[in-house]
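The values are calculated or read from the model by the stated rules, or taken from the named source; none is laboratory data. This is a predicted model, so every value here is computed, not measured. Here the Cβ positions follow ideal geometry from the backbone for every residue, glycine too, while neighbour counts run over all protein chains shown. Surface areas here come from the heavy atoms of the whole protein model, side chains and all, with no ligands, DNA or RNA. Shrake-Rupley method; radii C 1.70, N 1.55, O 1.52, S 1.80 Å.
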Amino acid sequence: ESGVAEGRAVPRRWRLSNPPAAFTGRGREVEWLRLTLGRAPLAVLSGPPGVGKTALVRGAFASRRERAVVVSQSHEAPPEQAFVEVMRALAEVPGREIDLAVLQSDLERTIDVTLELLAAHGGLVVVDGLALREERAIRWVGELAAHTEPGSQLLVVSRAPPPAGLAAGQHLAL
């Protein structure tokens, strides 16, 4: 048994932190995020540093924080770092072992394993800081959006908007 189906909480280091104490004025954006992820497996939230992207995510999904997996990274980090951290986080929830060294060099296998882990998790995964400017990141997000099982959602938080066609109707710029 993976522990996921029984509602096992995400380990604290991968968990969404509490919303800001004074979280106001973002009702429309909160509603947009919830509705978008209710109808599609992918949403992209973008905006300049300090505009409140992460605070918006924390406020919008506070009630799901025990089950939401959050991977944060520097916006300058290579996309492979995000891929590995997402797989590491999703594998840790049910206590699975995966060979990350092999996966780092094989984008196809990385996509397949990430999809398998997303399906097992069956909840929200937030990737905060993924730069959507490199082809590998665009391909990874596009494949996850196209093949994620119902019930799983991927929210990408980025400084830059997604390229045309990646998140049509599923992008909110702050």
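Helical runs (DSSP H, four residues minimum) scored at -39500 (n - 2.57) apiece and divided by the length of the chain put the mean residue ellipticity at 222 nm at -12000 deg cm²/dmol. Take the Cα of GLU97, step 7 Å toward its Cβ, do the same at SER74, and the gap between the two points is 3.2 nm. When the solvent-accessible area of the chain is split by element, carbon and sulfur atoms take up 49 percent of it, the probe being 1.4 Å. With a simple spin-label model that places each label point 7 Å from the Cα along the Cα-to-Cβ direction, the separation between GLN81 and GLU31 comes to 3.8 nm. Taken per residue, the accessible surface of the chain reaches 47 Å², heavy atoms only and a 1.4 Å probe. Computed on segment 1-89, with alpha-carbon pairs under 8 angstrom and 6+ residues apart, the relative contact order is 42 percent.
Expressed in nm to one decimal, what extension gain is obtained for the pair HIS147 and ASP106 from 0.36 nm per residue of sequence separation less their Cα-Cα distance?
Details: separation 41, 0.36 × 41 = 14.76 nm, distance 1.79 nm.
Value of the extension gain: 13.0 nm.
Mind checking segment 97-133 for GluC sites (Glu not before Pro) that DSSP puts in a loop (not H, G, I, E or B) and that have at most 13 other Cβ atoms within 10 Å? Present the calculation step by step, with values, prior to reporting the outcome.
Details: sites: GLU97, GLU108, GLU116; in loops: GLU97.
Listed in order of number, the matching sites are GLU97.
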